[in-house]
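Working notes for the structure below.
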Amino acid sequence: MGRRPNTNSDQTLVKAIDLLEILSEDSVNPTAPLLARKLQISSSKLLHILETLETKGLVEHEKETGIYRLGLSAIGMAQHILKSASILRLAHPLLESLARKHDETVYITVLNNDEVVFLDMVDSFQQVKAVPFVGRRFPIFSNAAGKVIKAMSSTDVLEKFRKSSAARSGINDLKQLESELEDIRRNGVAVDKNCLAEGVCSVAVAIKDYAGMVVGAITLLAPTFRMLQDRLEKEIIPSMLEISEELSMKFGYAKITV
């Protein structure tokens, strides 16, 4: 049996770990009062823990909403842990292949807390390229990765965004987005220009597992001036769809044809 925490330092450390576990839960958008109740500690002790974790980059605070979330340092730690996990272990060689074939930057992206998180990356050798996005988070529908993951996951993904969540998620025109998601579902690929950053084009395809569930996306980023329509249609998109199918098969996904 492990030693029970019996000092103030021990108890504070345990509460800090408990706090990080709460912040990692998908369904929770906690404010300080909620965290204090869940951890059963005083507001002053909670703020001391939060300030320490913020200093280390493990926690971030949205001043507008009062919500706390995992920070980039925590995502970075998770990335190192996930290097041994199946999605990154199986995907990385294929990312390498795709990046070298087109000499563009390629990522594995997943959803977390209604946001897209950029995890693993294979960089290009190009002189002009986007800044690294590893560890960065973006609203679901603000980028190709989030759109393809949601579009390929379900046909009614917009229902919960039709009211107050719509504005928070940066959705201005639900009808237009719905039409875009239908096109993505039909073609199996999402393409966005100038969404993640000005002058950046992103192309994303979904990864599925043995049950047909979408577990993430392969996302290629490049300057828009290199992503001409002819290149997209004849080179980039066919390659990405092929890699998507190959990686999905590694997860046990079997495409059914009729």
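The values are calculated or read from the model by the stated rules, or taken from the named source; none is laboratory data. Remember, predicted model here, so these are calculated numbers, not experimental data. Cβ coordinates were reconstructed from backbone atoms using ideal geometry, including for glycine residues, and neighbour counts include every protein chain displayed. Each accessible area value is taken on the protein alone, full model and side chains, heavy atoms only, with ligands, DNA and RNA left out. Shrake-Rupley method; radii C 1.70, N 1.55, O 1.52, S 1.80 Å.
Some points to look at:
- Apportionment of accessible area to carbon and sulfur, the range 173-226, percent (1.4 Å): 48 percent
- Filter on 56/150; 147/250; 101/175; 101/193 - keep pairs with C-alpha separation over 30 Å: 56/150; 101/175
- Length added when fully stretched, residue 11-residue 245, from 0.36 nm per residue minus Cα-Cα: 79.4 nm
- Which of 47, 94 is most accessible, then next, and so on - probe 1.4 Å: 47, 94
- Cβ crowding within 10 Å averaged over residues, with 62-74, 140-152 ranked highest first: 140-152, 62-74
- Backbone amide hydrogens, once placed in the peptide plane, bring residue 215 within less than 5 Å of 207, 208, 209, excluding anything fewer than 5 places away on its chain.
- Extension reserve of the residue 174-residue 62 stretch, reckoned as 0.36 nm per residue once the Cα distance is removed: 37.8 nm
- The residue 123 and residue 44 beta-carbon pair, evaluated with R₀ = 41 Å, returns a calculated FRET efficiency of approximately 0.35.
- Å² of accessible area per residue within the range 176-225, as computed with a 1.4 Å probe and no ligands counted: 42 Å²
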